[in-house]
Amino acid sequence: MKTHLRVHTREKPCVCETCCNTFSGRKSLRNHLRIHTEERPFTCKFCYKAFSDRGYLKKHYRLHSKEKPFTCEFCNKTFSDRSNLRRHLRTHIEEKPYVCDICEKAISDISNLRRYLRTHSEEKPYVCNTCEKAFSQRRNL
């Protein structure tokens, strides 16, 4: 109960000594420490991919079961993960919280911003295995 109440008070007395992230309880800190130790005790019974957290494994199982319990209230599109639904909702409400530092273009998704930033640079991480021509966008490859 004491640990649960910290959710409401936002108190986070447990501190990771490696990266200084804070947590509401020792169990959350213990789970977090697996990031640093690379311990992955939860394994998928279908593809044997391993995870550091039981919740990540549970989300992963939805890929195998094709379960999509999260539905967009605007268009009824379904998603296997709540964060993917949240990202999708921005397309309906036109929320664009990520802004390019160079030209101030507003973008709805952090991964799209990372991709967009390459338009301002010479970075071309996608290389053709046959002719070695490089591209800034995977779709152009």
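The values are calculated or read from the model by the stated rules, or taken from the named source; none is laboratory data. Source: prediction; values computed, not measured. Backbone-built Cβ (ideal geometry, glycine too); neighbour counts: all protein chains shown. We work out accessible area using only protein heavy atoms, side chains counted, and drop any ligands, DNA or RNA first. Shrake-Rupley method; radii C 1.70, N 1.55, O 1.52, S 1.80 Å.
Quick notes on this structure:
- Residue within the stretch 67-85 that is within 30 Å of Glu17 (Cβ to Cβ), acidic (Asp, Glu) and surrounded by 14 or more Cβ atoms within 10 Å (Cβ to Cβ) present: no
- Note on the stretch 80-112: residues that are in a helix (DSSP H, G or I), farther than 22 Å from Asn140 by Cα and β-branched (Val, Ile, Thr) amount to 2.
- Considering the conditions (1) of a type outside the set (Asp, Glu); (2) assigned to a helix (DSSP H, G or I); (3) in contact (Cβ under 8 Å) with a residue 12 or more places away in the chain; (4) exposed (fewer than 14 other Cβ atoms within 10 Å of the Cβ), His60 is excluded by exactly one of them, (4).
- Test for Arg115: is it more than 15 Å from the chain's Cα centre (by Cα), within 29 Å of His32 (Cα to Cα) and either part of a helix (DSSP H, G or I) or at pLDDT 90 or above (or both): yes
- In the stretch 124-141, residue farthest from Asn112 (Cα to Cα) [restricted to those that are open to solvent by 50 Å² or more (accessible area, probe 1.4 Å) and aliphatic (A, V, I, L, M)]: Val127
- Pair list, Cβ < 6 Å and 6+ apart or interchain, from the stretch 69-87 residues that are within 24 Å of Leu113 (Cβ to Cβ) to residues that are open to solvent by 50 Å² or more (accessible area, probe 1.4 Å) and assigned to a loop (DSSP other than H, G, I, E, B): Phe79/Lys68; Ser80/Lys68
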